[in-house]
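Working notes, structure below.
The values are calculated or read from the model by the stated rules, or taken from the named source; none is laboratory data. It should be emphasised that the depicted structure is a prediction, and the values quoted were computed from it without experimental measurement. Positions of Cβ are backbone-derived with ideal geometry, glycine not excepted, and every protein chain shown enters the neighbour counts.
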Amino acid sequence: MMRLPWFRHHAPDTLAEAARILAGEGPNAMLIAGGTDLLPNMKRRHQSPSALISLARVEGLKNISNGSGGNGEMRLGAGLTLSDVVHCAAVREKYAGLYQAAAQVATTHLRNMGTLGGNLCLDTRCNYYNQNYEWRKAIDFCMKKDGDICWVATASKRCVAVSSTDTAPALIALGAKVRLFSATGEREVTVADLYNNDGMDYLTRRPDEILTSVLLPAASGWNSSYWKLRRRGAFDFPVLGVAAAVKTASDGTVEEARIALGAVASRPFLVEKAGGLLVGKALTDDAIAEAGALVASRAKPMDNADLDIYWRKGVVSSFVGYALREIRGDDMRVTRLRIARHAL
Amino acid sequence: MNAVVEARRNVRVTLRVNGEQTEVLFAPYKTLLEVLREEMNLTGTKHGCELGECGACAVLLDGVPVLSCLVLAIECEGRSIETVEGLARGSELHPLQAAFADLGGTQCGYCTPGILMTAKALLDKEPDPGRERIREAISGNLCRCTGYLQIYESIEEGARRMREEAK
Amino acid sequence: MSTRKRFDVVGKPRRRVDGRSKVTGLTKFADDVVLPRMLHAKMLRSPHPHARIDAIDVSRAEQHPGVHLVLTGRDFPVSFGIMPVSQDEFPLAPERVRYVGDPVAAVIAKDEQTASEALDLIEVKYTPLQTIATPEEALAHPEARIHEYGEHGNIHRIQAYEFGDVEEALAKSDHVFEDLFFFQGNTHLPIEQHASVAAVDGEGKLTLWSSTQVPHYIHRALARALQVNAAHIRVIACPNGGGFGGKCDLHNHEIVVSRAAMRLGRPVKICLTREEVFYMHRGRHPVLMKFRTGVMNDGKITGMHLQTLLDGGGYGSYGAASTFYTGVLQPVSYELPRFKFDACRTFTNKPPCGPKRGHGTPQPRFGQEVQLDKIAEKLRIDPAELRLNMVAKPNSLTANWLRIGSIGLAECIRRVVDISGWKDKHRKLPEGRGLGLACGAYMSGAGLPIYWNKMPHSGVQLLLDRSGQVTVFCGATEIGQGSDDVLAAIVAEVLGIDAFDVRCVTGDTGLTPIDLGSYSSRVTVMMGNAAIQAAERLREVLAEAAAEHLEVSPERIVLAQGRAFLAEDPGRGISFRETVELAEAKHGTLGSVGSYSPPRAPARYKGGGVGPSPAYSYTACVVEVAVDAATGWITVPRVWIAHDIGRAINPVSVRGQVEGSVYMGLGEALMEEQVFRRLPPKLSGALVHKIPSLLEYKSLTSLDMPEVETVLIEDPDPNCPFGAKEVGQGPLLPVMPAVANAVWDAVGVRIDEVPITPDKVLRALERKAKGENPRVGPESFPAVPYPEPICVAPPWEGGDGNASKEKRKAPARKLEGMAAS
Ligand SMILES: Cc1cc2nc3c(=O)[nH]c(=O)nc-3n(C[C@H](O)[C@H](O)[C@H](O)COP(=O)(O)OP(=O)(O)OC[C@H]3O[C@@H](n4cnc5c(N)ncnc54)[C@H](O)[C@@H]3O)c2cc1C
Ligand code: SF4
Ligand code: FES
Ligand code: FES
C-alpha cells in the first residue's frame, strides 16, 4: 500500500485563520483542498510538507455568485469541486469551455473530490517525475526533485514538466481572473498571469497566498469550447488542451477571440496572435485553418507525457479546428464522441 | 476550532460508517481506505493503486462517490461514510448486489465493491439512468475482467428492481 | 460422462455460486487476511538494471524501532524457478541483480510504514554491469552474461523444428508471402495487487495464504526454496482479484514472508504496490516474427516458415514453454501441410516475461491473421472465404502431430460474418470506416504438467453426509473465471441437486486433492472431468440405495431436482437427503474421488509435449473501426465475436469471459504496452519501466469499451465435461489482428505491430500519400543463430511422430537483415 508520510494537520474554519497558519508555518506547509493532486504526490514523496492546512472547512470557498453585481460577471469559489462546476447550470450555459474542461478532468470520483482552486494550482507533470521515490532513485533523480539534471532536455537549465490542468486554458480563453488572499492582503491576477513557464516554479502565487475565487467576465456575445486530447475517455491527464472563446457580431464577424493551449508547455498560455488573426473575419474554414496553423506552431510538446510528441504536435491544428467549428455552430457531436468518448 | 495534530501521535476520531458511530484511533497519515481496512476491519473496500488511478477503493462520503485512498481520515469526522458492508439490509442483498451476482456483473469481484457503491450513488439520484449515464458514472472504476458490459446490464437490472420495490 | 440429454443445471444462466460473497465484499482476497500479532514486510529493490552486489549493510535497519527482522540473500541459499529447467531466481538476490526492481533485502516490522522507513536505512554497494536492453543487444553481446545457464551468451532458449520440407513447398507455391511483425510486450494488470500472508501454526507447520493461480506448484517450489518438508507446508490460494497468468509463478515475496514467519513465529503479510506488480510482471513477451508462407492461387497454404525472437527479461519463468508457444499452435486452425518453426528467447535486464492470457500464442496469431488478410487482398479472395476454404478437419492430426478433436471454427466464421453484416460492409464502407476479421484457437488445458510425472492433472473428492450436505474438494483456484461455479454445477448436475447446495473447498493444498492450477485454460476440462468421475461414482451408490428402497433396479433411478425417483414414474421417489441416509446406512461414510489425466499425445519427438491438449477452442471475430484520416485517431464502435465453446456450463460466465477477452484484446491492440526507458549510459545508465502505474499503463475504461455481440457455438466435445471447452483465453486471440485488418479496410494502411496507435496510423497514411509502402512495422529481422532443425515428418508424409534420425543436408539459410514485404 502506498502511504503518506507523517505530517501535521491543521483544519482552520476561516480564511483569515488559514492565511495566518500558512504564513506562520512557512514554506514547509502546504494547502490541501481535495487532495487529489497533493496526496498522490506525497505518497510518491514528490512533495513532503511537514504540515497540511486543510481548506475543507474554510467558510466561503464554495460560493457561487452569478451576475450579482449586475455586470454579468460570475464568481466561483476556489473550494467548489469540479463536479459542482460541472453541475452548475449557469456555467454550462454561459461558459461552455469551462464546463467542457471541468467535465473532462480525471474521473467522476476525482471530480467529486478535486476543487477548482486545486486544479488551477496543480503540480506540473512529467513521466520522469510522477514516479515513486525508488524509481526516481534508479534514474538518479531529476532537477525537479532531489536531482540536478532534466532527463527530458538534458541541456536545459530549467525543468520542462508539463502544466496539466484542464480548467486553466479554458479560463484563460474566457479571460478569467483569480483572487489571491494572504495574511498581508488580497490581489487579483488574470489566470494567464498565474503561471510561469517553469516546471518547478510554475505559479506566480506566493507561498503564503490562498486562491479564493475565480472571476469570469460577462459572457454575452461569447461562445467557448474546450477540446482535450488523451488516450482514454477517463482518468488521463491532457496531453493537449485547446480552449477557444470567440465573441461574434450578429452577422457572424469575429469581434474578439482568444485561443489558449494547455499541456504543451510548463504553463497554460494564450496564443497571442491567434485571436487577432480571426478578428474582423467570419469563422470560415480558411480562417479556422489559418488559426490552426498558427496555434500549432506555438505548441512545444515534450517527450515526458503519453503519446508520441511529433504526433501530438501534428494534431494541434485539427483540435483548434474542432474548437472553432464547435463555436461556429457546426454539429461536432460525432467528433466529440470519438475524441472525448462521451457527449459534452 | 483549529485542530492541530502533532506528528507521530495517533489521533482519535469519531467516524460514522454505515450508520454506526465508532471512535477510532489511528496514525494521522492514514487515508480513509487504510482506516476502514486496517483499523475497522472493513476489508470489503479494495485497493489497486492507492493513487486515485483505479477506483477500487470508492466509497460514499455524504452520499457522493469518492476515492477512499485519497481522503484523509482525519477530515472525515462527522461525515457519513458508506461502504459495501452497509449495502445489504441484514442478510437481504441490495437489489444492485443481487443483480450483479445474477448477471455476471462480478467476475473476480475485486472491482465490485467500488462499482457497487458508485452505482448506488447514481441510482439514488437517478432511478432510471440510460446506458450512457451508466457508462459515464462508472468510467472511474477500472474492471480488468468483465469488459463492463455485464456490469451495465447488472446496474440496469438493479435499477429496475429498485423501481419495482419503490412502487 | 453423463449421457442424459436434458440438464437441470448445466447450460442454464445462473447466479454463480460465489457471486453473493463477491457482491457483499465478503470474499477474502489475500490482503484481506488479517491474523493476530501479524507483522508486515516490505522489500528493497535494485535501482540498477544489472549489477553485482558487493556489500549489504542492514545494521541500521535492524536497529530501527519497530523492526523485527531484516532478511537478505544470505538467508536464502537455494535458487528457485517455476519450471524445473529454469531454477534461476533467488528470493532475495545474493550477488547479482538483473533488472530494476529485483529484490535484494526485506524488512519485517510492526507496520508497513515502519518497514518502508527501515528500507531507507539499508545500504547496498553495487558494481554496475553492462546492461542488455533488447534481444538484438542480447544476440550481439554474449557478455555480460545475465545467467550462467542457457544455450550460450544471452540466449536462454533456441530451437528449430521442421515438419516436412518447407523450402520445397514454398518453391512449388504460386506465391510466397514474407512478412515481419512485432508484438509489443504487455502485462496482466489484475486490479488486485499480489499479497501473501504466512503463518506458523501450533504444530510448527507453515501456512501461506496467497494470491496465486497455482497453489500446487507453489507448494512444491516453496518446499524446495525453503528446504522444508512439503508435508509441513500448506498453501491456500485465496480467490484472486484477477490473475490472467500473472500469479502463476512462485514469487519472491511468497518465499520471503514464509521464511520470516518461520523465523519469527508470527504471521507476516506483504502486499505489493502497483509498481512492484509491474516488476513481478511475467507478462506477454515482446516478440519479433518473420513469416514466410507459401500459398496457391486458390488461397490454400502450402507451407509456413515462422521465426520468432522473444525478449525474455531477466529470468526464465515459464519462458521455456513460452518459446514453444510462439509457434506450436499455428497449425491447429487451418490446414497447414508443412511447417517450419524457429524460436529464440533471449535474456535482457528487464522484469521477466512469462505467461499472459493466451501464453505465447497471441503474438504469432497476430502475424498469421494479418498475413492472411494480405494474402486475401492480393489474391482477391474474401478474407472470410479464404479462411473457410482451409479450416482444419475435425478429428485430424496437424503437421506437428497435435490431435484436433472437435472444431467449430467454420461455424464461428459463418456466424460472425452473418451478424456483423460483413458481406455488405467489408470493402464497402466509406473511407475512414472499416471491418476486419480474424480467428484464433487455443488449448483447453496443456497436455503435460510443468514437471514430469505420471499422476493425474486434477483430482476431485466428494464428501456426503446424512444431512444431505455435499462438499466438493479440489485444488483448482478461483481467479474470477468461475471455477468454483463450474465445479459446483457439475457435481450438482450429476447428483441432481441445486448448485447452491454444493459446498466448494478449493485451492488449499492442506485439504484438497491436487489440481495443477488455473492456467492454460485447463480447469473446466480437467477439473470438470475429475468432478464428473467422482460424482458419477457417488451417484451410482445413491441410485443403488434408492433402488433398493423403491424395489426397482438401479438403472431405472433418476437423480434430479433434489430427489431420487423412477424415470417412468417421477411421482415415485424419495428426497436426496433420504437417499443419502439410506446409502450411508448401507455403505458407511460416503465419499468418492475422481481424477483426470489428458489423453496421451501422438507426438513422440522431444518438445512434442508442448501444444497437445484434450480439446481446442476456436474463435472468429469481426471488429469495426473508424479512423480519422487527419489525425490517425482510432475508434472501435463495435465488435462481433463467435466462440466455439463446446458447451456453456454457465452461459453468464461464458459470455463474461468472451467479453473480458475482447476487452483485454482491445487494450493490447490499441494501447497497452510494457515499455522501458533507457537513459544514456554515461549519465545514469538506467533501464526503467517507463510507466509502472495504472494511470500511464493504459487499460480501457468503460467509455473506451465498444459494444460486443457474442455468439456461442455449442458443439459438445467428447473429451470435455458435458462437452465444455475453454473460454478464458481463446477469445482474446483474434481481437488484435482483427483490429489491424479493420484499419486496413478503413484507410488502406498496414500496421504490422501492436499496439496500433494513432501516431503509427498517421505515419502510415503519410507514407501512403507519398506513394510509399503504406505500412508501419518492423523493418528487419536480425541474424539469429537458430540450430539445425529437428525434422519430424508430418502424418501424411509417412511420419510416426518421431524425429527422423537424418539431419537435413543443406545448412540453415543464413539470415540477414531483411526488409519487409
Ligand atoms: C488519476 C488522476 C487523474 C487526473 N486527471 C486530471 C485531468 O485529467 N485533468 C486535470 O486537470 N487534473 C487531473 N487530476 C488532478 C486533480 O485531480 C485535479 O487537478 C484536481 O482539480 C485538483 O484539485 P484538488 O482540490 O484535489 O487539489 P489538491 O490536491 O488539494 O491541491 C493541489 C495543489 O494545489 C494547491 N492548492 C489547492 N487549493 C489551493 C488554493 N485554494 N489556493 C492555493 N493553493 C491551493 C495545493 O497546495 C496543491 O499544491 C488527476 C488526478 C488523478 C489522481
Ligand atoms: S521535465 Fe526534466 S526536470 Fe522536470 S520533472 Fe521532467 S525530467 Fe525532471
Ligand atoms: S486504490 Fe486505486 S483509486 Fe484508490
Ligand atoms: S471483476 Fe475482476 S476487476 Fe472487475
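If you check A:Asp84 against the conditions, is it farther than 21 Å from A:Arg336 by Cβ, assigned to a helix (DSSP H, G or I) and modelled with pLDDT of 95 or more?
Yes, satisfied.
Only one residue in C:Pro794, C:Pro734, C:Pro782 is at pLDDT 95 or above and closer than 30 Å to C:Val662 by Cα. Which one?
Among C:Pro794, C:Pro734, C:Pro782, only C:Pro734 is at pLDDT 95 or above and closer than 30 Å to C:Val662 by Cα.
Condition check: outside the structural domain of A:Phe237 (by TED's automatic domain parsing), crowded, with 19+ Cβ neighbours inside 10 Å and farther than 15 Å from A:Pro207 by Cα. Does A:Met42 satisfy that?
Yes, satisfied.
Give the number of residues within the range C:436-462 that are of a type in the set (Phe, Trp, Tyr) and part of a strand (DSSP E or B).
1
Consider C:His194 against the criteria (1) in contact with a Cys (Cβ under 9 Å, 6 or more places away or on another chain); (2) farther than 28 Å from C:Asp249 by Cα: it satisfies all of them except one. Which criterion is unmet?
Among (1) in contact with a Cys (Cβ under 9 Å, 6 or more places away or on another chain); (2) farther than 28 Å from C:Asp249 by Cα, C:His194 violates only (2).
Identify, please: which residue in the range A:32-59 is within 21 Å of A:Arg111 (Cα to Cα) and within 16 Å of ligand 2 (Cβ to nearest atom) and is, among those, nearest to the other protein chains (Cβ to nearest Cβ)?
For the range A:32-59, the residue satisfying everything is A:Pro40.
Kindly indicate whether C:Leu288 is part of a strand (DSSP E or B), assigned by TED's automatic domain parsing to the domain that holds C:Leu170, out of contact with any Leu (no Cβ under 8 Å at 6 or more places or on another chain) and closer than 26 Å to C:Val85 by Cβ.
no
Residues in the range C:649-687 that are at the interface with chain B (Cβ under 8 Å from one of its Cβ atoms) and aliphatic (A, V, I, L, M): how many?
Selection size over the range C:649-687: 3.
Residue-wise test of (1) under 23 Å from A:Val315 (Cα atoms); (2) away from ligand 2 (no atom under 16 Å from the Cβ).
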residue: A:Asp198; (1), (2): no, no
residue: A:Leu211; (1), (2): no, yes
residue: A:Val214; (1), (2): no, yes
residue: A:Gly221; (1), (2): no, yes
residue: A:Arg231; (1), (2): yes, yes
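For the range A:65-81, give me the residue count where each residue is more than 14 Å from the chain's Cα centre (by Cα), assigned to a loop (DSSP other than H, G, I, E, B) and among the hydrophobic types (A, V, I, L, M, F, W, C).
Of the residues in the range A:65-81, 1 are more than 14 Å from the chain's Cα centre (by Cα), assigned to a loop (DSSP other than H, G, I, E, B) and among the hydrophobic types (A, V, I, L, M, F, W, C).
Kindly evaluate C:Lys805 against the criterion of being surrounded by fewer than 22 Cβ atoms within 10 Å (Cβ to Cβ) and either touching a Leu at 6+ places or on another chain (Cβ under 6 Å) or at pLDDT below 95 (or both).
Here the answer is yes, as C:Lys805 does meet what is asked.
Taking into account only those residues within the range B:35-52 that are buried (at least 24 other Cβ atoms within 10 Å of the Cβ) and charged (D, E, K, R), which is nearest to ligand 2 (Cβ to nearest atom)?
Looking at the filtered set, the residue picked out is B:Glu50.
Go through (1) modelled with pLDDT of 95 or more; (2) touching a Lys or Arg at 6+ places or on another chain (Cβ under 9 Å); (3) assigned to a loop (DSSP other than H, G, I, E, B) and name the single condition A:Gln47 misses.
A:Gln47 satisfies all of (1) modelled with pLDDT of 95 or more; (2) touching a Lys or Arg at 6+ places or on another chain (Cβ under 9 Å); (3) assigned to a loop (DSSP other than H, G, I, E, B) except (1).
I'd like to check something: does the range A:268-280 contain any residue that is small (Gly, Ala, Ser) and surrounded by fewer than 19 Cβ atoms within 10 Å (Cβ to Cβ)?
yes
Whether any residue in the range C:36-51 is within 14 Å of chain B (Cβ to nearest Cβ), under 30 Å from the mean Cα position of the chain (by Cα), small (Gly, Ala, Ser) and buried (at least 20 other Cβ atoms within 10 Å of the Cβ) is what I want to check.
no
One line per residue, one yes/no per condition, for (1) outside the structural domain of A:Pro268 (by TED's automatic domain parsing); (2) away from ligand 1 (no atom under 16 Å from the Cβ); (3) of a type in the set (A, V, I, L, M):
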| position | (1), (2), (3) |
| --- | --- |
| A:Asn112 | no, no, no |
| A:Gln131 | yes, no, no |
| A:Ile139 | yes, yes, yes |
| A:Ile149 | yes, yes, yes |
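Among the listed residues B:Asp102, B:Asp62, identify the single one that is more than 14 Å from the chain's Cα centre (by Cα) and either at the interface with another protein chain (Cβ under 9 Å from one of its Cβ atoms) or within 29 Å of B:Arg135 (Cα to Cα) (or both).
B:Asp102
Residues in the range B:87-105: is at least one more than 13 Å from ligand 3 (Cβ to nearest atom), free of Cβ contacts under 8 Å to residues at least 12 places away in the same chain and buried (at least 22 other Cβ atoms within 10 Å of the Cβ)?
Checked against the condition, which is being more than 13 Å from ligand 3 (Cβ to nearest atom), free of Cβ contacts under 8 Å to residues at least 12 places away in the same chain and buried (at least 22 other Cβ atoms within 10 Å of the Cβ), the range B:87-105 yields at least one hit.
Can you name every one of the helices (runs of 4 or more DSSP H) wholly within the range A:256-344 that holds 2 or more residues which are of a type in the set (Lys, Arg) and either closer than 23 Å to A:Gly221 by Cβ or within 14 Å of chain C (Cβ to nearest Cβ) (or both)?
A:309-314, A:316-328, A:333-340
Looking only at the range A:10-31, count how many residues are at the interface with chain B (Cβ under 8 Å from one of its Cβ atoms) and surrounded by fewer than 24 Cβ atoms within 10 Å (Cβ to Cβ).
5
Given the conditions (1) touching a residue at least 40 places away in the same chain (Cβ under 8 Å); (2) within 12 Å of ligand 4 (Cβ to nearest atom); (3) facing another protein chain (nearest Cβ under 9 Å), which single one is not true for B:Cys108?
Unmet for B:Cys108, out of (1) touching a residue at least 40 places away in the same chain (Cβ under 8 Å); (2) within 12 Å of ligand 4 (Cβ to nearest atom); (3) facing another protein chain (nearest Cβ under 9 Å): (1).
Residue check, B:Ala3 against (1) at pLDDT below 95; (2) within 14 Å of chain C (Cβ to nearest Cβ), all met but one. Which one?
(2)
What is the residue count in the range B:91-139 for residues that are closer than 29 Å to B:Val24 by Cβ, outside any helix (DSSP H, G or I) and either in contact with a strand residue (DSSP E or B) (Cβ under 9 Å, 6 or more places away or on another chain) or within 16 Å of ligand 1 (Cβ to nearest atom) (or both)?
1
Which of (1) within 12 Å of another protein chain (Cβ to nearest Cβ); (2) in a loop (DSSP other than H, G, I, E, B) is the odd one out, the single condition A:Lys62 does not satisfy?
The failed condition is (1).
Keeping to the range B:120-158, report how many residues are basic (Lys, Arg), surrounded by 21 or more Cβ atoms within 10 Å (Cβ to Cβ) and farther than 23 Å from C:Gln729 by Cβ.
So the count comes out to 2.
Need a quick list: helices (runs of 4 or more DSSP H) entirely within the range A:100-210 having at least 3 residues that are within 14 Å of chain B (Cβ to nearest Cβ) and surrounded by 17 or more Cβ atoms within 10 Å (Cβ to Cβ).
Those helices (runs of 4 or more DSSP H) span A:108-113.
Please name all residue pairs, on different chains or six or more residues apart, with Cβ atoms under 6 Å, provided the first residue is in the range B:44-60 and is without any contact (Cβ under 8 Å) to a residue 24 or more places away in the chain and the second residue is within 6 Å of ligand 3 (Cβ to nearest atom) and aliphatic (A, V, I, L, M).
Every condition considered, the pairs that remain are B:His47/B:Ala56; B:Gly52/B:Leu67.
For the range C:196-219, enumerate the residues that are closer than 12 Å to C:Ile255 by Cα and not small (Gly, Ala, Ser).
Within the range C:196-219, C:Val197, C:Leu206, C:Thr207, C:Leu208, C:Trp209, C:Ile218, C:His219 meet the criteria.
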